[in-house]
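The next block holds one structure in the form of structure tokens; read it before the comments.
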Amino acid sequence: MMKFDTVIIGGGLAGLTCGIRLAKAGQRCAIVSSGQSALHFLSGSLDLLNALPDGSVVTNPMEGVKLLAEQAPEHPYAKIGAERFAVLATEAAELLSEAGVATMGEALKNHYRLTPMGVLKSTWLTFKGYVTSDKADALPWKSVALFNAEGFLDFYTQFLSDEMRKMGTECKVHTFNLPALENIRQNPTEMRSANIAR
């Protein structure tokens, strides 16, 4: 019979992070999880502090947490304090790096990540390879080309191209066929990411 110092319920980002931290400290951990955690649907970015309760935009989370403490003293970030907040943000980024997850971004300045709907969203860390910008209303290119497999239902090229044009980036959409997808294409409801991945 195995014995553990700690049993963590939930294998999402919080549970896995706690398990790694405890294991590094010499604890024997078991993580109990069922179904799919939110990690299966991860957007490719991790937020830290994008806005204050009064609606003010936060560009620098390290500075923003001090204002957060004034507006919402019961918020978890306010309770741990600005100094501890900074330490934990640094540790989180280092933990991802040690796990081989390449990210870009820093807690001193939020950046903007292009979402699947074609809008730019303020965020803290983004996995390398995703589209980002330093500006809230512009992409780093004058023109782009989007390619989508014919009949693929999970990539919304029209949303992306419409929003990119609003930001001043010209966008051309192209569709293509792959013979390997013909069997899936026979039933349009099956042209989904999860089914293609199988």
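Just a few scattered comments:
- Filter result for residue 37 (open to solvent by less than 50 Å² (accessible area, probe 1.4 Å), out of contact with any strand residue (DSSP E or B) (no Cβ under 8 Å at 6 or more places or on another chain), of a type outside the set (A, V, I, L, M) and over 23 Å from residue 21 (Cα atoms)): no
- Set 49, 96, 68: member being surrounded by 13 or more Cβ atoms within 10 Å (Cβ to Cβ) and in a loop (DSSP other than H, G, I, E, B): 49
- Odd one out for residue 13, checked against (1) open to solvent by less than 30 Å² (accessible area, probe 1.4 Å); (2) closer than 25 Å to residue 132 by Cβ; (3) in contact (Cβ under 8 Å) with a residue 24 or more places away in the chain: (1)
- Some residue of the stretch 83-103 being closer than 25 Å to residue 162 by Cβ and aliphatic (A, V, I, L, M): no
- Residue within the stretch 23-30 that is in a strand (DSSP E or B), of a type in the set (Gly, Ala, Ser), more than 23 Å from residue 123 (Cα to Cα) and open to solvent by less than 50 Å² (accessible area, probe 1.4 Å) present: yes
- Some residue of the stretch 124-136 being at pLDDT below 95, under 19 Å from residue 170 (Cα atoms), in contact with a helix residue (DSSP H, G or I) (Cβ under 9 Å, 6 or more places away or on another chain) and open to solvent by 70 Å² or more (accessible area, probe 1.4 Å): no
- Hits in the stretch 170-193 (condition: modelled with pLDDT under 70 and open to solvent by less than 70 Å² (accessible area, probe 1.4 Å)): 184, 185, 187
- Restricting the stretch 1-23 to residues that are in contact with a strand residue (DSSP E or B) (Cβ under 6 Å, 6 or more places away or on another chain) and not hydrophobic (A, V, I, L, M, F, W, C), the residue that is farthest from residue 43 (Cα to Cα) is 6.
- Pair list, Cβ under 6 Å, 6 or more apart: the stretch 71-93 residue among the polar types (S, T, N, Q), other residue surrounded by 14 or more Cβ atoms within 10 Å (Cβ to Cβ) and at pLDDT 90 or above: 71/52
The values are calculated or read from the model by the stated rules, or taken from the named source; none is laboratory data. Quick caveat, the model's predicted, so the values are computed rather than measured. Heads up, the Cβs are rebuilt from the backbone with ideal geometry, glycines too, and the neighbour counts pull from every protein chain shown. All accessible areas refer to the heavy atoms of the entire protein, side chains included, with ligands and DNA or RNA removed. Shrake-Rupley method; radii C 1.70, N 1.55, O 1.52, S 1.80 Å.
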